[in-house]
């Protein structure tokens, strides 16, 4: 499988970071970056990462089934995650989730017809003190209101990047 030169350099850095007997430790970061480039966990990608870290494809698949941030099918260009764990649930997380489903016309781990936006209900983002929390790709949003989520979704659906959407502050700009 062929990756971009930038990803190949990143893989090499991961593989040299760990001693040879521990290079399987590079598996998860390699999978995350490969997913970002390829779009999802294909059989070819799984086999390639397995070969590079010295494990079987079955062992890579075991990791894939454990971590919810790794996907076997392509997600949208913008992957919206809404937390509905207890802290978020108590301050409107469930309402945010229902509104997002209705507004986008999709449900859990589904993608809009144009491929722009996918939606996922998640258990916890570790942002309980700033609930309710939403994440778009690698951008976090805390204390999200239904109105802010509507602005965010409208902006993404219009092809704007999270940084271009005004009225909703990213935590990690």
- Query: Cα-based Rg (one decimal) and Dmax (whole number) for the chain, in Å?
  - Reply: 17.6, 51
- Label-point separation in nm, residue 110 to residue 91, each point 7 Å along Cα→Cβ: 2.9 nm
- Query: Where does each of 66, 141 land when they are ranked from fewest to most other beta-carbon atoms within 10 angstrom?
  - Reply: 66, 141
- Message: So if I take the centroid of the Cα atoms in region 73-105 and the same for region 131-173, what is the distance between those two points in Å?
- Response: 12 Å
- Task: Show that you can apply the helix-only estimate: for the chain, add -39,500 (n - 2.57) for every DSSP H stretch of four or more residues, divide by all residues, and state [θ] at 222 nm to the nearest 500.
- Result: -13000 deg cm²/dmol
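Quickly rank 85-94, 100-109, 125-134 as a protection proxy: mean count of other C-beta atoms within 10 Å, highest first.
Working: 85-94: 17.5, 100-109: 15.2, 125-134: 19.7.
Ranked by mean Cβ neighbours within 10 Å, highest first: 125-134, 85-94, 100-109.
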- Task: Quick one: work out Rg over Rh on the C-alpha atoms of region 78-164, Rh as Kirkwood radius.
- Result: 0.93
- Note on the structure: Largest-first semi-axes in Å of the equivalent ellipsoid built from the Cα gyration tensor of region 1-67 are 16, 15, 10
- per DSSP, antiparallel bridges as share of beta bridges in region 78-164, % nearest 5, sits at 55 percent
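Restricting to the chain, compute how many DSSP beta bridges are antiparallel as a %, nearest 5.
Numbers: 8 of 14 bridges.
Percent antiparallel among DSSP bridges in the chain is about 55.
Read the figures in this text as sums done on the coordinates, not as results from a lab. All figures in this text were calculated on a predicted structure; none of them were measured in a lab. Methodologically, a virtual Cβ is constructed for each residue, glycine included, from the backbone with ideal geometry; neighbour enumeration extends over all protein chains shown.
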